[in-house]
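Presented below is the structure to which this report refers.
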Amino acid sequence: MLKDLKISGLVAASALILGGLPALAQDAPAAAEAVAAVAVETPTDMVFIMNSLIMMLGGILVFWMAAGFAMLEAGLVRSKNVTMQLLKNVSMFALACFAYYIIGYSIMYPGDDWTIAGIFGKFGAAALEAVGLSRDAADAYDYASTSSDFFFQVMFCATAASIVSGTVAERIKLWPFLVFTLVLAIAIYPVQGSWKWGGGFLDEAGFLDFAGSTLVHSVGGWAALTGALIVGPRLGKYKDGRVTAFPGSNLPLALLGTFILWMGWFGFNGASQLALSSVGDAADVGRVMANTNAAAVGGAIAALILTQLVFKKVDLTMVLNGALAGLVSITAEPLTPGLGSATLIGAVGGALVVFLVPLLDKFKIDDVVGAIPVHLGAGIWGTIAVVFTNPDASLFVQLKGIVIIGLFVIVTSAIAWLVIKAVMGLRPSAEDEINGLDKSELGMEAYPEFTNR
């Protein structure tokens, strides 16, 4: 690649000299200097440009996952709570991005300026580079622009917040949930993220998590599980020793949301290569995307077959969550597996969903959309599965990272949920919950022409 760029630079410089600068063409030393400048500087420019580009494109795809979460949740809740889920999704996305800008990004990526070395980053708002940036003024000219990095990373923060929303749906008030979103985006997500991606102590220990099976998905899953335990189940969900099914309002919408998430994951994992400036990088990005798709396929097929065998009927929602669990499973290491290994890793994630969903019901943990099995269960599995394909991974270190981050999120989430509960309350009244949060809290319905179930 470098050779080709040098040749292109020579051609471009020669054309410029011969066509537009005849005086320079007669000055051999000056011409040689111009050619050398193009030959040397163009490759470095391309590193900066292409690395920035992959993160900008990846950030757009991860942003599109917000629509996927909103549609999936709106399809799986009852019609009387659809508007609330839509409002929560757009509101928490905005608040998470704002909180990450104000303080989260600096805590997660402090560079060399740690408040507590390797454990806690620095305070301060994110800052972009100057308009019309020159090479000398770039924060990291040999890597990428700060703006593209921030844009990509802020989308990951919003994704972690989205995971919690579906689990505690239909029985939590709007403002307490949004306050928890702020806590998650300001402190919980960026602090633990700094331990690996910010160069903290887990990174130094050799913990591996390519795109966030633990750092994003398990974090959202632990926070969701803690919230579900503290908020409690929906009224009537568990009664007289039986589990009452509450079918979703719009399965076509849930299916569309799943496919949008599937598509967005190509940016989530693919752009986490964080580079597109060499032949190797381009090949690796393609490999990551192919493995990501293979894992989703494996998860969907496993759920398809297992629901038929276990429940005697195929369950569409299980198949949807099986595909998502496959995606979560491969996220910790989508580069080193082959297509077969990626499919098997995803298949295990899909199988986990089939068995974890009824297990949660057995313990009366009400997870409306199945986010805990998908993001926590498959997130843990995916982080462990790294050791099967990446020779640099250590099972002990992977387990160490899972446990440390899990305990941190459980404790901080529990404190946040309990404080919010004491100050604001979490649940609406029984009457409001029965009538639906769309009417009781918002005064508007997603499907006003139909009778609420």
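The values are calculated or read from the model by the stated rules, or taken from the named source; none is laboratory data. If you're wondering where the values come from, they're calculated on a predicted model, not measured in any experiment. With ideal geometry, Cβ positions are generated from the backbone for all residues, glycine too; neighbour counts draw on all protein chains shown. Remember, those area values only see protein heavy atoms, side chains included, never the ligands or the DNA or RNA. Shrake-Rupley method; radii C 1.70, N 1.55, O 1.52, S 1.80 Å.
Could you report the chain's accessible area per residue, 1.4 Å probe, as an integer in Å²?
42
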- Once amide hydrogens are built 1.01 Å from N within the peptide plane, the residues lying 5 or more places from residue 145 or on another chain with amide H under 5 Å from its amide H are 52
- Task: Please state the charge dipole magnitude for the chain, taken about the Cα centre, from unit charges on C-beta atoms (+1 on K and R, -1 on D and E), reported in debye and rounded to the nearest 20.
- Result: 1880
- Compactness index (Cα Rg / 2.2 N^0.38 Å), segment 44-442: 0.95
- Taking only protein heavy atoms and a 1.4 Å probe, the highest-to-lowest accessible-area order of 64, 114 is 64, 114
- Item | Ordering of 65-76, 90-101, 210-221, 257-268 by packing [mean C-beta count within 10 Å, highest first] | 210-221, 65-76, 257-268, 90-101
- Task: Starting at the first residue of segment 256-265, write each ³J(HN,Hα) from the Karplus equation 6.51 cos²θ - 1.76 cosθ + 1.60 with θ = phi - 60°, in whole Hz, x for Gly and Pro.
- Result: 4, x, 5, 5, 5, 4, 4, 5, x, 5
- Take each of the peptides 306-312, 433-439, 409-415, average the number of other beta-carbon atoms within 10 Å over its residues, and list them starting from the highest. 433-439, 409-415, 306-312
- Query: If amide H atoms are built 1.01 Å from N in the plane of the peptide, which residues on other chains or at least 5 residues away come under 5 Å of the amide H of residue 120?
  - Reply: 115
- Task: Scan around residue 77 for amide H atoms under 5 Å from its own, H built in the peptide plane at 1.01 Å from N, and keep only partners 5 or more places away or cross-chain.
- Result: 249
- Note on the structure: Under the Karplus relation with 6.51, -1.76 and 1.60 and θ = phi - 60°, whole-Hz ³J(HN,Hα) for segment 102-117, x at Gly and Pro, equal 5, 8, x, 4, 5, 5, 6, 10, x, x, 9, 9, 7, 6, 10, 3
- Item | Two-site FRET efficiency, residue 239 against residue 316, from Cβ-Cβ distance with R₀ of 30 Å, rounded to 0.05 | 0.75
- How far is helix 378-389 tilted, in degrees, relative to the longest principal axis of the Cα atoms in the chain, given as a value from 0 to 90 rounded to the nearest 10? 40
- Item | Carbon plus sulfur fraction of accessible area for segment 44-442, probe 1.4 Å, in percent | 70
- Please calculate the 1.4 Å probe accessible area of residue 388, with all protein chains present, and give it to the nearest 10 Å². 140
- Item | Virtual paramagnetic centre 7 Å along Cα→Cβ of residue 116, amide N under 12 Å, in segment 408-438 | none
- Task: Work out from phi, with θ = phi - 60° and the Karplus expression 6.51 cos²θ - 1.76 cosθ + 1.60, the ³J(HN,Hα) of each residue of segment 428-434, listed in order in whole Hz, and give x for Gly and Pro.
- Result: x, 5, 4, 5, 5, 5, 5
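Please say if segment 359-451 is rounded, prolate or oblate, where rounded means a/c under 1.5 for a ≥ b ≥ c the square roots of the C-alpha gyration tensor eigenvalues, and otherwise the choice is prolate for a/b larger than b/c and oblate otherwise?
It is prolate, given that a/c is not under 1.5 and a/b is the larger ratio.
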- Report the full-extension gain for the segment residue 134 to residue 60: residue separation times 0.36 nm, less the Cα-Cα distance, to one decimal in nm. 24.1 nm
